[in-house]
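Structure, as structure tokens:
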Amino acid sequence: MLNIAVLVSGGGTNLQALLDAQSRGELKSGKIALAVADKPGIGAIARAEKAETACMVIPRREPGFEDRVLAAFREHQIDMAVLAGFLGILTADFLRGFGKPVINIHPSLIPSFCGRGFYGLRVHEAALEYGVKVTGATVHYVNEIPDGGKIILQKAVAVQPGDTPETLQRRVMEEAEWKLLPQAAEMVAAELLREKENRQ
Ligand code: GAR
């Protein structure tokens, strides 16, 4: 099995979806070996602790954030990383230093409403402001361009009359994010595992 790290910045409902998929045996090619929270006190930490998953707080605004994350990844022998509501932007140096796949969930249909400045509720505010009738979620590989890496999975979600950013966010999470992220994580882990076995 592979070791998966999950980076979080908020409530951690996407981390929960991954942990639940793991308990149901749907995320089976890798184990969630480490959660990294980029600030103290966020909901995601309690979720990791409840699931008895190793969890570290590494404040993103402090110097040396990326080096500390890389050191934690080495210590836990991490094979792939999942950004599950992680609101920072990882540098090309970090991605090169890790040298293994990193995937991200974004709450829109990329290439709409993505890139720098589009995160969390802001994405749904922008979608409503534009007046789109369909939005959704995307899981993609992370590269040096914010939300610019190769798409792995996407799912569309209808905008309903009277939606607020909050109601739309909730529907996108329920109908798309919480299904898509575990599914994509398993796809990527299974492929990595096959490659690892072929090398042995
Ligand atoms: C999720 O909607 C996730 O897609 C989004 O933040 C929310 C985190 O919720 N991520 C981004 O906007 C990344 N650009 P969670 O902490 O409950 O998983």
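The values are calculated or read from the model by the stated rules, or taken from the named source; none is laboratory data. Note that this is a predicted model, so its numbers are computed, not measured. As a convention, Cβ positions derive from the backbone with ideal geometry for all residues, glycine included, and neighbour counts pool all protein chains shown. Surface areas here come from the heavy atoms of the whole protein model, side chains and all, with no ligands, DNA or RNA. Shrake-Rupley method; radii C 1.70, N 1.55, O 1.52, S 1.80 Å.
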Quick one: angle between helix 121-130 and the longest Cα principal axis of the chain, in degrees between 0 and 90, rounded to 10, please. 30 degrees
Filtered hits (lysines, Cα-Cα < 19 Å from K155, offset >= 8 within chain) -> K133, K179
When a/c reaches 1.5 or more, the comparison of a/b and b/c decides; with that in mind, is region 2-54 rounded, prolate or oblate per its Cα gyration tensor? prolate
Helix-only estimate, please: 222 nm mean residue ellipticity of the chain, summing -39500 (n - 2.57) across DSSP H runs of length 4 or more and dividing by its residues, to the nearest 500. -11500 deg cm²/dmol
Highest-fluctuation residue, G41, G30, G11 considered, GNM on the chain with Cα pairs under 10 Å: G41
Which one, K133, K155, K31, has the greatest fluctuation when you compute a Gaussian network model over the chain with C-alpha springs under 10 angstrom? K133
Output ³J(HN,Hα) for region 7-16: one whole-Hz value per residue in order, computed from phi by the Karplus curve 6.51 cos²θ - 1.76 cosθ + 1.60 with θ = phi - 60°, and x for Gly and Pro. 9, 9, 10, x, x, x, 5, 6, 4, 4
Calculate the spin-label point distance for A54 paired with R199, positioning each point 7 Å from the Cα along the beta-carbon direction, and give it in nanometres. 2.0 nm
Between rounded, prolate and oblate, where does region 1-114 land on the alpha carbon gyration tensor, with a ≥ b ≥ c its root eigenvalues, rounded for a/c under 1.5, else prolate if a/b exceeds b/c? rounded
Find how many whole Å separate the alpha carbon centroid of region 33-75 from the alpha carbon centroid of region 146-176. 26 Å
Once phi for every residue in region 79-88 is put through the Karplus expression 6.51 cos²θ - 1.76 cosθ + 1.60 (θ = phi - 60°), the whole-Hz ³J(HN,Hα) values, with Gly and Pro written as x, are 9, 7, 10, 10, 8, 10, x, 8, 9, x
Once Rh is set to the Kirkwood radius over Cα pairs, what Stokes-Einstein translational diffusion coefficient, in µm²/s, holds for the chain at a temperature of 25 °C and a viscosity of 0.890 mPa s? 144 µm²/s
A correct Karplus calculation of ³J(HN,Hα) over region 61-78, with 6.51 cos²θ - 1.76 cosθ + 1.60, θ = phi - 60°, whole Hz and x for Gly and Pro, returns 7, 8, x, x, 3, 5, 5, 5, 5, 4, 5, 5, 4, 5, 4, 9, 6, 6
List the residues whose amide H sits under 5 Å from the amide H of A35, counting only those 5 or more places along or on another chain, with H placed 1.01 Å from N in the peptide plane. V6, A54, C55, M56
Can you check what the net charge comes to around P111, using other residues whose Cβ is under 13 Å from the Cβ of P111 (Lys, Arg +1; Asp, Glu -1)? 0
Using amide H atoms built in the peptide plane, which far-off residues or other-chain residues are under 5 Å from M80 H to H? N3, A5
Please report the equivalent ellipsoid semi-axes of region 44-84, computed as sqrt(5 x eigenvalue) of the Cα gyration tensor, largest first, in whole Å. 18, 14, 9
Given a 1.4 angstrom probe, I'd like the percentage of the accessible area of region 50-200 that is carbon and sulfur, rounded to a whole number. 51 percent
To the nearest 10 degrees, how steep is helix 178-199 against the longest Cα principal axis of the chain, on a 0 to 90 scale? 30 degrees
Taking a probe of 1.4 Å and leaving out DNA, RNA and ligands, the chain shows per residue an accessible area in Å² of 50 Å²
Where a ≥ b ≥ c are root eigenvalues of the Cα gyration tensor, a/c under 1.5 meaning rounded, otherwise prolate if a/b exceeds b/c and oblate otherwise, region 137-200 counts as prolate
For L109, the residues 5 or more places away or on another chain with a placed amide H closer than 5 Å to its own amide H are G136
